Structures are given as C-alpha cells and as structure tokens.
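Contents: one structure, followed by commentary.
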Amino acid sequence: MGASIALTTMTMTTDVRAAVVARGLSKIYGQGDAAVHALRGIDVSFATGAFTAIMGPSGSGKSTLMHCLAGLDTVSSGHVHIGDADITTLSDKQLTLLRRERIGFVFQAFNLLPTLTAEQNIRLPLEIAGRQADQVLMDRVVETVGLRDRLSHRPSQLSGGQQQRVAVARALISKPQVIFADEPTGNLDSRSGAEVLSFLRRSVRELGQTIVMVTHDPAAASYADRVVFLRDGLLVSEVTQPTPQSVHDMLLKLEA
Amino acid sequence: MLRTTLAGLVAHRLRLLLTSLAITLGVGFIAGTFVLTDTIEQGFRQLFTADAGKVAVAVTPKDEDIPEQVLAKLRTLPGVAGAQGLVRGTAPLLDKSGRAAGSTATSGISVVAGPLDRTNYVSGHAPAGPGEAVLDENTARTRQFEVGDTVTVLDLAEKRRQFSLVGIIDVGVDQNLAFTGAVGFDTATALEMTGEKGYHEVDLAAAAGVSPETLKKTVSEALGQTYTIRTGEELAEKLALDGNVQLDYLMLVLLLFGCVAMFVAALVIYNTFNILVAQRTREMALLRCIGATRGQVFRSILLESVVVGLISSALGLLAGLGLGALALNVMGRFDTPVPAGASLALTPRTIVSGLVVGLLVTVVAAVLPARGATRVAPIAALRSQVEEQTFRAGLARSLIAGLLLAGGLALTGVAIWGLGGDAGLLTAMGGGAVFFLGVIVVGPVLMRPLGAFAGWVPRKVFGVPGRLAVDNSRRNPKRAATTTVALTIGVTLMTLISVITASTRETVVSSLDEQFPVDFMITAQYGRQDATPLLPAEVPATLRALPEVGLVAELRQTDHGGAFVGSLPDGAAFRPEVLSGSIAALGPGTVALSENQAKDLGARVGDTVPLDTAEAGKVDLKVVALIADGSLNEAMPYTVTVADFEKYYGKIGPARVYVKAKDPAAVDASRRAVESALLAYPTAQLSSAAEVRGEFDDAFDMMFTIFAALLGLAILISLLGIANTLSLSVHERTRESALLRALGLTRPQLRGMLSIEALVLGLVGAMVGVVIGVAFGWAALQTIPNETVFVVPVGQVLLYLVLSALAGVLAAVLPARRAANASIVGSLASS
C-alpha cells in the first residue's frame, strides 16, 4: 500500500501529472428563459502524454468543452488549469500568449493560411511567438507526416488529408503542453482519416505529446488511450483502451 | 426576384449606406457646384432687378464718355423726370501712412442723390458738398477708416485733398470697384477729383405715365447711334450676363473636379459590387439552384445598383445644398463679390443632373460585376470553401493596356515636340488621361511587384503580422488594383499640381532674380493712365541725391504707334542675355531687338528696321543685337539708348527706377532714406525682391490650397474605397483571422496586420500616382513655350506618400477593430 501511494505521489508530480484539469466547469449561453446550459459542471483531467477522445451525441457539449478547455471561449463558472495556469483568470492577452506557448490546434477544416506554403504554415506558430524552429524536431515531424516533397506547396495544391497532416505537423512543432483536435478527420475519407489518426497516435507514443480530440466517430475514438463521454453537458462515462466496438456500444447505451 | 433583392438590401442597410457614401459625395460635389452658381446668379439677378426698378432708361457710351451737354440735352427731353450722370475715374486714396493705397489707384465715383440713387449704404449717408466723401466697405476695413475720420485723396495734380468720411457703401457685384476700391463724392467733386470730362453712364427717371420703352424710343431718336440705350430691365439683363461669363468659368472648373470625384466614386462602386457578388456566390448559386435564370440574377444585381444609386444621389443632393452653402460662406469670407443674404437655389437642373449622374455612374459601374454574377454555377452553393481568386494577365488585357499606354505616350510626345502652346498642353493632358486608363488596365499586373516593393520594409520590421499583411495585400491583385487606383487618381493630380506650381514658382523666382539685380524697384501706381504708369520725371534725380543710395537705374518705356520701346538702364546688372550681335554696340541710331520681335520682323543683326517715333518721326535703326526673351517675356521688343529714347519720345518719366543701396550691409537705412524721399510722390510704389516674391508666393499658395481642397474630395472617396475593400476582405477572411488568433496572434497584432495591409495598399496607390504625376507634370511644362525650370518638390511628394500610407491605416481602423473583436469560436464555426 505504502509503496503504491509513494508511487502514485511520485507519478502525479512527474509524467502522470495531468496536462489539463477542469473543475466544476459550466457554460451557459443566453439569459433567463432563453438560457442554454451547454456544460453543467464538469470535472475532468487529461493526463500528460496521453491521447484522450471526447465523445457524445450531437448537442452533448463536446465542442463547447473543448473550446473552454483551450481558452477559446470563456466559462460561466469553474476553473480550467493548463499546467500550472488557471486560464479562467487570464486576460485576453495572457490567454493569447498561453495559447501561443502551450497549446496546439487541429481544426476540422480551414486549418491553413492559403497564402503560405505548407512549410510556412508549419512554422507559423513558432514565428508568431518569435521562436526558432528546432531543426531536428522539424525534420522528424516532416518525416513522420511524410510531407517532405510537399513542403513548398500551397494548401490549394494539397489534398484534404495532406492539409490535415500539415495542420498536425504545425500543432506539434511548437512542442505544446497539449494539442486540441476538433473533429480532425471530419472532412476526410476513411483512408486519409486513418493516416491522420495514426499519425496523431504516433506523436503521443514517440514524442510524448498530449492530445485531446473531439470526435463523433467511434473508429476515430478507438485510436485514443481513453475516451470520455458527454451527454447533456455532463460527463457521464469513460472507456480506457477503447476499440471501435466498445465505443460504439457505449454510445448506444448513452443514447438509449 | 424583386422582393428578394429588396429584402437583401434592407437586410444589409449598413453595407448599403457605406457603398452609397462614395456616390453621395460625388453627386454632392456636382450638385453643390450647381447650387453655388445658381445661387450667385439668382442673387445677382435680384440685385440688378432691384436696381433696374429705379432706372427707366440708361445711356452708356460706345467709346468716349458722355459729355455734359448731352446730359443737359437729356434733361430737356419730354418724359424725362430726372437724369443723373455717373462719374467714374481714378482718385488715389492715401492710407494712414500717407502712401497711395494699393498697387492700383482707388476708383473715384460720383454718388447721386434722389430717386436715381442706387447706392447701398452700410453706414452713414451720401456726401453733400465738396468736403465730404464715402468709402467702400472693403477699403474702409483694410485701411482702417471709420465714419467721422478724415481721408486724404490725391486730385488730378497729385495734390492732397482732405475729406470728411460721412458714409461707408457696398459696391455690390461691381468686379472693377471691388478690385480697386472706391471713394465716392458728389457729382461735381467727382468730376473735379478724377478729371473726367464726361459720364460713363447716364440714368434717366421717367415722368409719370411714360413707360421705359417709350422713353427709350424718345432718347434713341434724340441721341442717334453714338450711345447704347437700354431700359432698366435690359440693363439688369446685361449686367447679369456679364456676371455669368465669370460664373460659367467657375462652374466649368468645379464640374471638372466633380467629374474626377465621380470617376473615383465609380471605381469604388465597381469594386464594392464585385466584392458583394463574390461574397454572395453561394446566395446566387442557391437562387440558381431553385430555378432563377441568369437574366434574373443579372437584373437583381442591377436593380440593387439602381436602388443604391437613387438613394445615394438623393442624399447627394442634400449634401450639395450643404456644400453650396459652405462654399458661399467661404467665398464671402475671401471678399469675393457674392450677393449677401441670397437664399440657396435648388433648380430642376440641379436635381435632374444630380440624380441622373449618380444613377448612371452607379448602374454603369455595377454592370460588369452583375455579369460576373451570372457566371456563378448552381453547384457553387454546395462548396464549403470560397475559392481563392487567381489572376492571370490575359492576352486581351495585355493588348489593350499596351495600346493605351503607348497611345498615351505617343500623344504626349506629339504634344511636346509637335505642338506646344495651349493645343500642346491640352493634348499632353489628353495623353496623360489615356496613359492613365492604360495604367488602370495594367494595374492588376503591377500590384504584385509593387506590393512586394512597398511591403519590403513592413515585412522586415513587423515580423509575422507584417509578412502576412504584405502577402494579403498582394493576394487579390485585381481587387487591390481597383482599390488603389482610386487613390492613385487623387495623388496623381496632387503631384501634377505640385510639380507645376513648384516649377512655375521656381521659374518666377529665378526670373525675378534676373529682373531684380538691385535692392528696390520703384514703379508708379496703376490706374491713372491707360498705358504703363509713369513716375514723375524728377524721381531718379531726387534719389541720386541721397547719400545712402548707390546705383539708380531707370527704365523708360512707351508704346508709341503699337511698338513697345524701352531704354537700356545704366549699370552692368541690366545687361540682358544676348543671342547674337553685341549690346556694347548699342549707340546712337541703333536698336536691340527681342527674340520674338526679330522673328516677327524677319530681321537679323546688321539689318535696318523702321520705327515710328513721337518726336523724330519715322527713323531707320540698325539692329546691333538680339536679346533672349526671358521666361516672363520681360524683354522689350525694341531697346534703344537713353539718349535716343529722349530724342524719339521726349523727356517722359521712367516706368521703373531701380535702386541699389550704397552699403550692402545697410539696406534698411537706404530703404528708409528712399521712403522719406518718396513722401513727396505718394503714388510711387516701392518694392523689394522679397516683397514681390512674397506676393507671388501668396498667390501660388492660394491656388495650390484651392486645388488641394477640391481634390480632397476625390481622395476622401478613394479612402472610403479602401475601407470598404478592407472590411469586405476582413469578412471573407473571418475564419483565417480566427485561426491566427487561436494560434496565438494577439488582438493588437491582428489589428496591426490589417493596418499594414492598408498601409501597403495606400503606398502602392501613391507610388504610382507620384510617378505619373511627376512625369506628366514635366510633359505639361514642356508644352509651355517660355523657358521653364522643372522642379520636383521632393518634400511635398514624400509627404503625399506618407499621408497616403497613413490614410490607408486610418481607413483600416474600423475594419481592423471588427476583425480583432470577433469571437474566435464564433468565427471558426461560420462558413
């Protein structure tokens, strides 16, 4: 017992320590009769170096949760910690700087600036922050996503899957504490989607990256280490080491 | 379809308003021009009509003044109840320091009493008797005289006469009196003071029951063809027409600027509609999907432009009323004779032309974008991402641009080397306009390299936002070109005017230096004689006697028998530029001809030319030198020695006396000495090079300010265009901005990015404008026959570049704020 506690304490302060923690998170849109409770008090944490999927039926609040966790949207009450920072207390400027330094994003669509080449898009967050890219990391990332021969192309010359891989590479390059991915495969065919997802998983395994992904696709969720389920703004369940089948079963159970 | 269009317009009220503003300003300017000129014209007409009511018949001379006996004869005619002769001559008023006021002598006029009195009194009353006088309002104010003061006026013999000032009058719209100022006496005193032998007009009042027409007939029969006889109404009509000639000129100039403003507005509208169509691609495609035909889509856009055109033109008319009132106010302040208290005139012509021009420009500018809208495929409704506009210079564009550019240059070349003069100037400006059209066509091709050039510094200095901004400014070259070309027009014209005024100013200054190789120049006041005013003959001798004075050189000149002859002043400083022959050879019986005179006569050095003189009859003179005509044409056609001049024309007074201080360090002391010596000659005008230069400078500054103010409107409209383009670009790039914000771009950085984009756009527009303006300013100067210095006012031109860049930033303030304040989540979700 003692050894186990000691181990837990130790891991809490090192690698198992949560990258993102939400406490009593709620989000209300509108006022009075028109008020919509998108999140109704959520407590959740996302471990460092883990790939977590957030799932739930439409309108369950999964996108809102991600926006609040990433500091893109304000919360109505509760707290969100990214590392040691409580982002709910930060000003817009501080929040912007925090996003710049510690968070990576992959959106469903429109991830890239059309005027920049793939390589410029990848380097963009670093340049905004005024940092130099780690060339070793750059090579490794580019190699892993298999974009070496596409670096000088503009987004309009890339396929949807290639565009998403550029977006993932961009999210990785600044070595953020956490990457938030919002339906990253929503616009892709299943083969391209699988490529992107395996690439996300490899970045967790090989680079120790923390990823939080919102999805409604059980197959996509099965690439994660852990899946948390939302319904009506509440965290209702979770599955570790998911398979497409186990996720699907859980969803059916929730919608029943 | 109609209902859909109107619903769309109502839903986008704000966008509609912004779009309208460009047209509103342009129409406002044109309508304002009409309002201004109509108001002045109506004001004049009212004044003249009121005057005409007092006069039944007016008699004016065709050449010589009307003598006293004719007036006496008129008084005896049947049906004449009263007749008054009006005197007008010169009567130099002295200012409080005892010098004649102004460079032109004050007009001396008679002020009549009784029913034929048309004088408007500001204060006081009519002069009664030889000891009283009245002054016009403007002169009284600038020379600081008040009713009750004593004023001194020179009589014909230049003797000082004192009068008690009993009234201040308003000379109304009489341009001549407004320019010279007027001092009024009773008729007898006026005749005595001015030395006039007759009247320049005789006004008649009709006896009861006699109509003006009847009286006119009686007078005509009595006087015959020697005089022009008009009824009061006809007189009013004639005076109004005289005023209109000047008004027409004013209207033409103003309308020219109005056209520039409208052209700029058309470009802005064209661009706006283009963007609106691009933005609503999905909306149009949806309409096509549910069965709207191409024609219906086309008509719906045109209908939108009609509504926009009508509303903005109507607003423009209102703005025109305001602008007209403002201009009247400003002109009143600058002592321009404007009828006071006239109510603003809004004539049907103003309304119709304002509405038609506004509507036409809007609809024509919207035709091309509307055609573009018909090309939207129904399937576009289903695409999620707006396609990036790509641009390639097509063959047709290259050809047209090449033709226009080459044609413009060719036309300008012909103007400079083939034509010259007024025709050359007009042709050069035409060439400039054609060339400019070429620049508009080729604009999109220029945008990328110019954007890169203008963006070079921002890209280096402002980091990522700077680089993104420069890329964005070059992203849609067609749109950027149309946006900036609107600004280019204004900057081109401003630069053109700067170059021309600076060059002319420099030309005048350098020729002044040639003309003024001395410290002071003394001339006589204009107005006493019809010809060149002459100084009293003893002035040079008086000045030579002063110990503080060094050189005193005199120029005598006369225009006897249509030939302008001058004497060669003493002193080496007055040796003109000799083209051939030698000025040293100028001795008795010889002459130096000016370049132009020699050309007219076909004479060369060594030839003999005849000259008709006053005292020596016809003489034959041997040509010894040809003198270059300076830039101001100051060389006399004939120049002879002083001795010969006196032999030919007698001992007449000098036209100019040049004075050099004995001690160059004590110019002030010698000036004081000259001033006190001239006290005996109050009409002699003493000026220095600095003063003359100052007068020219004031005139140039005034002209430049007026042009700049008139062009300001076109520039303002083009800034609206930049703001419009940016706000629509911001709208298009909502998601892009949100993405950048998510990736860590701060709000100030995003705002900065848009400001830099606008800065680059402004700079590109200004750069093109400056280059074209300088080039065609040079071309315009080449068409002027006189030798002209070409000067580029570098400081001013740089200022235009800086101001344009800043104006761009200013135009970006609102769009940038909106982009920066948008919610990231909301923007990411929007499509």
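The values are calculated or read from the model by the stated rules, or taken from the named source; none is laboratory data. Everything quoted here is computed from the prediction, not taken from an experiment. All Cβ positions, glycine included, derive from the backbone under ideal geometry; neighbour counts span all protein chains shown. Heads up: the accessible areas ignore ligands, DNA and RNA and are worked out on the full protein's heavy atoms, side chains in. Shrake-Rupley method; radii C 1.70, N 1.55, O 1.52, S 1.80 Å.
Numbers for the structure displayed
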| item | result |
| --- | --- |
| Over region A:87-128, volume per residue of the alpha carbon convex hull, in Å³ | 91 Å³ |
| Amide hydrogen neighbours beyond the local backbone of residue B:91, cut-off 5 Å, H modeled | B:106, B:107, B:108 |
| Distant alpha-carbon pairs in region B:54-157 (separation over 24 angstrom), percent | 35 percent |
| Solvent-accessible surface (1.4 angstrom probe) belonging to residue B:395, in square angstrom, nearest 10 | 140 Å² |
| Charge sum, other residues only, whose C-beta stays under 15 Å from residue B:146's C-beta, Lys/Arg counted +1 and Asp/Glu -1 | -2 |
| Projected area averaged over orientations for region B:600-692, convex hull of C-alpha atoms, nm² | 8.8 nm² |
| With all protein chains modelled, accessible area of residue B:201 [1.4 Å, Å²] | 20 Å² |
| Sparse-neighbourhood loop sites, trypsin sites (Lys or Arg not before Pro) in region B:663-767 - DSSP loop, at most 15 other Cβ within 10 angstrom | none |
| Residues in region A:58-87 occluded by at least 10 Å² - accessible area, probe radius 1.4 Å, against chain by itself | A:67, A:72, A:73 |
| Relative contact order of region B:101-260, defined on C-alpha pairs under 8 angstrom at six or more residues apart (%) | 25 percent |
| Computed helical MRE - 222 nm, the protein assembly as shown, DSSP H runs ≥ 4 contributing -39500 (n - 2.57), nearest 500 | -18000 deg cm²/dmol |
| Threshold 20 Å² - residues in region B:710-754 whose accessible area is reduced by that much or more when the chain is no longer isolated, probe 1.4 Å | B:735, B:736, B:739, B:740, B:741, B:742, B:743, B:744, B:746, B:747, B:749 |
| Globularity index of chain B, i.e. its alpha-carbon radius of gyration over 2.2 N^0.38 Å | 1.21 |
| Of the trypsin sites (Lys or Arg not before Pro) in region B:34-142, those whose Cβ has at most 16 other Cβ within 10 Å and which sit in DSSP loop | B:62, B:96 |
| Within chain A, percent of DSSP bridges classed antiparallel, to nearest 5 | 60 percent |
| DSSP-defined antiparallel bridges as percent of all bridges, chain B, nearest 5 | 75 percent |
| Heavy-atom surface of region B:196-241, accessible at 1.4 Å and reported per residue (Å²) | 51 Å² |
| Aspartates and glutamates whose Cα lies under 16 Å from that of residue B:660, excluding same-chain neighbours fewer than 8 positions away | B:513, B:514, B:519, B:548, B:554, B:570, B:668, B:675, B:691 |
| Largest-first ellipsoid semi-axes for region B:761-815, taking √(5λ) over the Cα gyration tensor eigenvalues, angstrom | 30, 10, 7 |
| Whole-percent pair-distance distribution, where bins are 5 Å wide, for the alpha carbons of region B:200-353 | 2, 6, 9, 13, 10, 8, 8, 8, 8, 6, 5, 4, 3, 3, 2, 2, 1, 0 |
| Antiparallel bridge percentage (DSSP; both residues within the protein assembly as shown; nearest 5) | 70 percent |
| Spread of Cα-to-Cα distances over 10 Å intervals beginning at zero, given as percent, for the protein assembly as shown | 2, 8, 12, 14, 14, 13, 10, 8, 7, 6, 4, 2, 0, 0, 0 |
| List of region A:128-169 residues, accessible area with partners at least 40 Å² below that of the chain alone (1.4 Å probe) | A:128 |
| Förster radius 41 Å - calculated FRET efficiency between residue B:72 and residue B:246 (Cβ-Cβ, nearest 0.05) | 0.65 |
| Region B:549-559 - phi-based ³J(HN,Hα) in whole Hz, Karplus 6.51/-1.76/1.60, Gly and Pro as x | 9, x, 6, 10, 10, 10, 10, 9, 8, 8, 10 |
| Calculated on alpha-carbon atoms, Rg and Dmax of region B:268-310 in Å | 10.8, 32 |
| Cα-Cα P(r), region B:73-217, percent of pairs per 5 Å interval | 2, 10, 20, 22, 18, 11, 8, 5, 3, 1, 0 |
| Region A:220-250 versus region B:238-259: alpha-carbon centroid distance in Å | 83 Å |
| For the pair B and A, total buried accessible area rounded to nearest 100 Å², probe 1.4 Å | 2300 Å² |
| Listed pairs B:73/B:216; A:62/A:175; B:599/B:622 exceeding 19 Å between Cα atoms | A:62/A:175 |
| Gap separating the Cα centres of region B:694-723 and region B:63-102, nearest whole Å | 44 Å |
| Span-rule helices in chain B, defined as complete DSSP H runs reaching 18 Å or more along the axis (Cα) with Kyte mean at least 0.5 | B:13-54, B:232-279, B:294-333, B:348-374, B:395-413, B:421-454, B:477-515, B:689-732, B:747-782, B:794-811 |
| Lys, Arg +1 and Asp, Glu -1 on Cβ, resulting dipole of the protein assembly as shown about Cα centre, debye, nearest 20 | 5820 debye |
| Mean shadow area of region B:634-778 over all directions, Cα convex hull, nm² | 18.3 nm² |
| Apportionment of accessible area to carbon and sulfur, the protein assembly as shown, percent (1.4 Å) | 59 percent |
| Average accessible surface area per residue within region B:698-824, 1.4 Å rolling probe, Å² | 38 Å² |
| Rg [Å, one decimal], Dmax [Å, integer] - region B:184-230, C-alpha atoms | 13.9, 38 |
| Positive minus negative residues near residue B:185 (Lys, Arg vs Asp, Glu; Cβ under 9 Å) | -3 |
| Three semi-axes of the equivalent ellipsoid, chain A, Cα gyration tensor, whole Å, largest first | 28, 21, 21 |
| Whole-number accessible area per residue in Å² for region B:137-185, which is evaluated in the context of all protein chains at 1.4 Å | 48 Å² |
